[in-house]
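Asks: Okay, here's the structure, questions in a sec.
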Amino acid sequence: MKIITSISQMQSTANALRAAGKSIGFVPTMGFFHAGHLSLMEAARQDGHTVVVSIFVNPIQFGPGEDFATYPRDLDNDSRLAKEAGVDILFVPQTSEMYPKQYQTSVVVKGLTETLCGRFRPGHFEGVTTVVAKLFSIVKPHVAYFGQKDFQQLVVIRRMVQDLNLDIQIKGLPTVREKDGLAMSSRNVYLSPEERQAALCLYRSICRARQMREEEGIREVRKIIADIQKIMSLEPLVKPQYIEICHPETLQALEYIEEAALLAMAVYVGKTRLIDNCFL
Ligand code: PAF
């Protein structure tokens, strides 16, 4: 596995791969790998691509008071895991090269970023789309892989790719969960043992919502949300930020489930903000 830290070297390597007729499968990450990241790398490998993984803790997608400074980082372990996962190139750019002093450009997707997490994290998705657009023009992938745990991010990136006519296929892969249902997240490392236990109310909520929709035939959103609120209220360490059922493409809130629907939630468990979602 080759480790590249310079943007120009990554670009020339991508050009050479393309000239040699290779397809590039790209997994953008902020590092501190878990099984969710590894499943994206594995999918890219299975699809037969030259696999490029980036690690970059992108400062501009963190708001003031968020966890940019403390976001977990472990490049040595990540390199080992990426190598074991059959990654061909690990791209680890420097912040000073990604955002030099004179940097002034931003990529904004409008409507889709104004709902769900966007209401509580102003500027977050602008930071994500900006860095992903930059990474796309550096790595020049044919296909890029994202996890469905960050469902809004996936929808926003698909929109950006369509709107800017980027010639890149976006693949969204299912959320990987711990045995007890907790969605894998680099931020799970922040949880104390008590908080880790309390965080299971997210998965319990998903199971209850599925049961209501699929077994009990309930379609009224307020009834499903009321049950989830009850589940969360039993956990003193948990404070929901939002619990919404929305259309999975427009992300607009629904009152009644006709066809496709997405349950999306963000909660604080102690000081840690966790998100989860599922189709209903
Ligand atoms: O999902 C993430 O890890 C990040 O938001 C991404 C897509 C790598 C952009 O920084």
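Asks: Between beta-carbons, use under 13 Å as the cut-off and find the net charge around residue 42, counting Lys and Arg +1, Asp and Glu -1.
Replies: Overall, the nearby charge balance is 0.
Asks: Starting from the residue with the highest accessible area, list 175, 29 in decreasing order, probe 1.4 Å.
Replies: 175, 29
Asks: If contacts are Cα pairs under 8 angstrom and at least 6 residues apart, what is the relative contact order of segment 45-127 in percent?
Replies: On the way: 65 pairs, mean separation 36.6, N = 83.
Relative contact order of segment 45-127: 44 percent.
Asks: I've got another one for you. Can you work out the accessible area per residue across the chain, with the rest of the protein chains kept in place, probe 1.4 Å, in square angstrom? Spell out each step's value before the answer.
Replies: On the way: 13450 Å² over 280 residues.
Counting only protein heavy atoms, the per-residue value for the chain is 48 Å².
Asks: Which ³J(HN,Hα) values, rounded to whole Hz and listed in residue order, are derived for segment 179-193 from phi using the Karplus coefficients 6.51, -1.76 and 1.60 in 6.51 cos²θ - 1.76 cosθ + 1.60 with θ = phi - 60°, glycine and proline given as x?
Replies: 3, 8, x, 5, 5, 5, 7, 4, 6, 4, 5, 6, 7, 6, x
Asks: If I take R0 = 45 Å and measure r between the Cβ atoms of residue 114 and residue 171 in this structure, what FRET efficiency does the formula 1/(1 + (r/R0)^6) give, to the nearest 0.05?
Replies: The formula returns an efficiency of 0.95 here.
Asks: Pull out the extension gain between residue 73 and residue 219, defined as 0.36 nm times the separation in residues minus the alpha carbon to alpha carbon distance; nm, one decimal.
Replies: Extra length available between residue 73 and residue 219 comes to 48.3 nm.
Asks: Right, another one. Heads up, I need the accessible area for residue 265: 1.4 angstrom probe, whole protein in place, Å², nearest 10.
Replies: Estimated to the nearest 10 Å², residue 265 gives 0 Å².
Asks: For the chain, compute Rg over Rh where Rg is the Cα radius of gyration and Rh is the Kirkwood radius from the inverse mean 1/r over Cα pairs. Could you put the intermediate results ahead of the total?
Replies: Working: Rg = 19.2 Å, Rh = 19.8 Å.
Rounded to two decimals, Rg/Rh equals 0.97.
Asks: Right, next: Of 65, 147, 123, which has the largest mean-square fluctuation in a 10 Å C-alpha GNM of the chain?
Replies: For the chain, modelled as a Gaussian network with Cα springs under 10 Å, the answer is 65.
Asks: Next question, about the same structure. Compute the helix-to-body angle for 124-139: its Cα long axis versus the longest principal axis of the chain, expressed 0 to 90° and rounded to tens.
Replies: 30
Asks: If I stretch the segment between residue 268 and residue 192 completely, what's the gain in nm (0.36 nm per residue apart, minus their alpha carbon distance), one decimal?
Replies: 26.1 nm
Asks: Once neighbouring chains are kept in place and the probe is 1.4 Å, which whole percent of the accessible area of the chain is contributed by carbon and sulfur?
Replies: Exposed carbon and sulfur together represent 50 percent of the surface.
Asks: Here's something else I'd like to know. Of all trypsin sites (Lys or Arg not before Pro) in segment 98-188, which ones are in loop regions per DSSP and have a Cβ with at most 14 other Cβ atoms within 10 Å?
Replies: In loop regions of segment 98-188 (DSSP not H, G, I, E or B), the sparsely surrounded trypsin sites (Lys or Arg not before Pro) are 101, 110, 179.
Asks: In square angstrom, rounded to the nearest 10, how much accessible surface does residue 278 have for a 1.4 Å probe?
Replies: Its accessible surface works out to 10 Å², give or take rounding.
Asks: Here is a follow-up. Rounded to the nearest 5, what % of the DSSP beta bridges within the chain are antiparallel ones?
Replies: Within the chain, antiparallel bridges account for around 50 percent of the total.
Asks: Here's a follow-up. Residue 47: accessible area at probe 1.4 Å, nearest 10 Å²?
Replies: 70
Asks: Given charges of +1 on the Cβ of Lys and Arg and -1 on the Cβ of Asp and Glu, with all other atoms neutral, how large is the dipole of segment 94-205 about its Cα centre, in debye to the nearest 20?
Replies: That gives a dipole near 100 debye.
Asks: Grab the other residues whose beta carbon is less than 14 angstrom from that of residue 58, score K and R as +1, D and E as -1, and report the net.
Replies: -2
Asks: What list of whole percents do you get for P(r) of segment 140-280, with Cα-Cα distances grouped in 5 Å bins up to the one holding the largest distance?
Replies: 2, 10, 19, 20, 18, 15, 9, 5, 2, 0
The values are calculated or read from the model by the stated rules, or taken from the named source; none is laboratory data. This is a predicted model, so every value here is computed, not measured. Because the Cβ atoms are built from the backbone with ideal geometry, glycine has one as well, and the counts that use them run over all protein chains shown. For the accessible areas, the whole protein counts, side chains as well, though only heavy atoms, and no ligand, DNA or RNA atoms are used. Shrake-Rupley method; radii C 1.70, N 1.55, O 1.52, S 1.80 Å.
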